[in-house]
1. For the condition over 22 Å from V55 (Cβ atoms), among the hydrophobic types (A, V, I, L, M, F, W, C) and either touching a residue at least 40 places away in the same chain (Cβ under 8 Å) or out of contact with any strand residue (DSSP E or B) (no Cβ under 6 Å at 6 or more places or on another chain) (or both), what is the one hit in V188, V177?
2. Q198 is checked against (1) more than 25 Å from Q216 (Cα to Cα); (2) out of contact with any Leu (no Cβ under 7 Å at 6 or more places or on another chain); (3) in a loop (DSSP other than H, G, I, E, B) and fails just one. What number does that condition carry?
3. In the range 149-166, which residues are surrounded by 19 or more Cβ atoms within 10 Å (Cβ to Cβ), assigned to a loop (DSSP other than H, G, I, E, B) and among the small types (G, A, S)?
4. Hey, can you tell me all the residues within the range 55-74 that are touching a residue at least 40 places away in the same chain (Cβ under 8 Å), in contact with a Lys or Arg (Cβ under 9 Å, 6 or more places away or on another chain) and outside any loop (DSSP other than H, G, I, E, B)?
5. Any chance the range 167-181 includes a residue that's assigned to a loop (DSSP other than H, G, I, E, B), crowded, with 22+ Cβ neighbours inside 10 Å and either in contact with a Gly (Cβ under 6 Å, 6 or more places away or on another chain) or at negative phi (or both)?
6. Would you check if D42 is under 26 Å from N10 (Cα atoms) and not aromatic (F, W, Y)?
7. Would you tally the residues in the range 168-199 being of a type in the set (S, T, Y) and either closer than 15 Å to F119 by Cα or not assigned by TED's automatic domain parsing to the domain that holds D236 (or both)?
8. Does I178 meet the test of being modelled with pLDDT under 95 and of a type in the set (V, I, T)?
Amino acid sequence: MAQYDGCSINSGCGCLQVVGVINIGSCSYLYLAECSELVKCDHNNLCYSPDHICVYHPRYQSLPVCYPVPNYNQQLCPPISIMPNIPANSTWAQNGVTVAGRSEGDNSTNQLWNAGGLFVDDDETVVIADSWNHRIIQWKKGYAHGQIVAGGNDKGIRLDQLNEPSDVLVDKETDSVIICDRWKLRVVRWSRHNGTKQGEILIDNIDSYGLTMDDQRYLYVSDYRKFEVRRYGLGDKNGILVAGGNGGGIDLGQLKFPSYLFVDRQQNVYVIGRK
């Protein structure tokens, strides 16, 4: 999508190119700030004001600027196509069908071993954290075997290895998988393009268990040991606290061993934890 292309049913919104990444934009309202209110991004293309991202916005200046993307941005710029809501009274079939793996567990590409989190892509490809095989494997609809898209080189600390990955998602903008590489205390990204041999570290020193991404491409990660969930912008290594962070416990301001996550369109975060 080109700069300023329509990305919303609100004609005042446009696609702003995010600095430092290729072919990635933010659908934002184009008139949130005056020229005098904007500051340049720092030398690492980072912004330090809350809810600001580094973008190219030639209407203001030729250099990258920190532009506000408020929490209500999705309501201000609703996407052109909206997924239908599932009614609260929906019912489901009582018997399912196997779409990946078999009853035995080993490292064959038609099997899984202690599978963790998964992500279902738009074409019904299922991407799975195959934990004890130290790999991410994707299963196309109707296929008998999966395809390894990350790891699969035994467990280890090298960038071509994973160590019991616990969760995975697909970043459609970059056609990559983002992975909780739990026992190496890091979050990594692997491209799904052919020929990819290793990943890159996005966040380190984190006991990441579950992760999810919202419509504005903020990444949410649960930290199992710190009893918290943090939100990360593009290129952000520290993130901001959005849930927990008050020690492990059962009080409403606490989390206890948070694992898998979900974030809705209003950026409300739902967390699985222990009592």
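The values are calculated or read from the model by the stated rules, or taken from the named source; none is laboratory data. Bear in mind the structure is a predicted one, so any value in this text is a computation, not a measurement. Cβ sites come from the backbone with ideal geometry, for glycine too, and all protein chains shown count toward neighbours.
1. Numbers: V188 fails: either touching a residue at least 40 places away in the same chain (Cβ under 8 Å) or out of contact with any strand residue (DSSP E or B) (no Cβ under 6 Å at 6 or more places or on another chain) (or both).
From the options V188, V177, the qualifying one is V177.
2. In the conditions (1) more than 25 Å from Q216 (Cα to Cα); (2) out of contact with any Leu (no Cβ under 7 Å at 6 or more places or on another chain); (3) in a loop (DSSP other than H, G, I, E, B), Q198 misses (2) alone.
3. Result: S166, single match.
4. Hit for the range 55-74 is Q74, nothing else.
5. At the first step, the residues of the range 167-181 found to be assigned to a loop (DSSP other than H, G, I, E, B) are 172-175.
If we keep only those that are crowded, with 22+ Cβ neighbours inside 10 Å too, we end up with none.
The answer is no; no qualifying residue exists.
6. Working: under 26 Å from N10 (Cα atoms): no; not aromatic (F, W, Y): yes.
For D42, the condition - under 26 Å from N10 (Cα atoms) and not aromatic (F, W, Y) - is not met.
7. So in the range 168-199, the residues of a type in the set (S, T, Y) come out as 174, 176, 191, 196.
From what is left, the residues that are either closer than 15 Å to F119 by Cα or not assigned by TED's automatic domain parsing to the domain that holds D236 (or both) are 176.
Of the residues in that region, 1 qualify.
8. Values: modelled with pLDDT under 95: no; of a type in the set (V, I, T): yes.
The answer is no for I178.
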